[in-house]
Ligand SMILES: [Zn+2]
């Protein structure tokens, strides 16, 4: 499907091989997020270069939690993780 006027700040994964149809355009394998979704944190060591954390980091960690949704909010106070629809599993063990 050709994408026209597509949001250009999306972070996408491009397929390396040419499209089998012969058209010369890049083929997108997956949309991985928006550039605006990347969070930046200051370093503890005084280096002024911020650390960029891609949303995939939060996806990998938070999608392990049985919930219906989550949101990560960064503000002056720090980082807040909001979760909804948490499904608690019964404790089994000793
Ligand atoms: Zn094609």
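A short reminder: the numbers here are calculations on the coordinates, not readings from a lab. All of these numbers come straight from a predicted model, not from anything done at the bench. Methodologically, a virtual Cβ is constructed for each residue, glycine included, from the backbone with ideal geometry; neighbour enumeration extends over all protein chains shown.
Here are the numbers for this structure:
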item: Relative contact order %, the chain, counting alpha carbon pairs below 8 Å whose residues are six or more apart; result: 16
item: Computed helical MRE - 222 nm, the chain, DSSP H runs ≥ 4 contributing -39500 (n - 2.57), nearest 500; result: -2500 deg cm²/dmol
item: Gaussian network model of the chain, springs between alpha carbon atoms under 10 Å - residue of 78, 69, 22 with greatest fluctuation; result: 22
item: Normalised convex hull volume, the chain, alpha-carbon set, Å³ per residue; result: 241
item: Spatial separation of Cα centroids for region 13-49 and region 72-88, in angstrom; result: 24
item: Spin-label model distance (nm) - residue 57 vs residue 77, 7 Å beyond Cα toward Cβ; result: 2.2
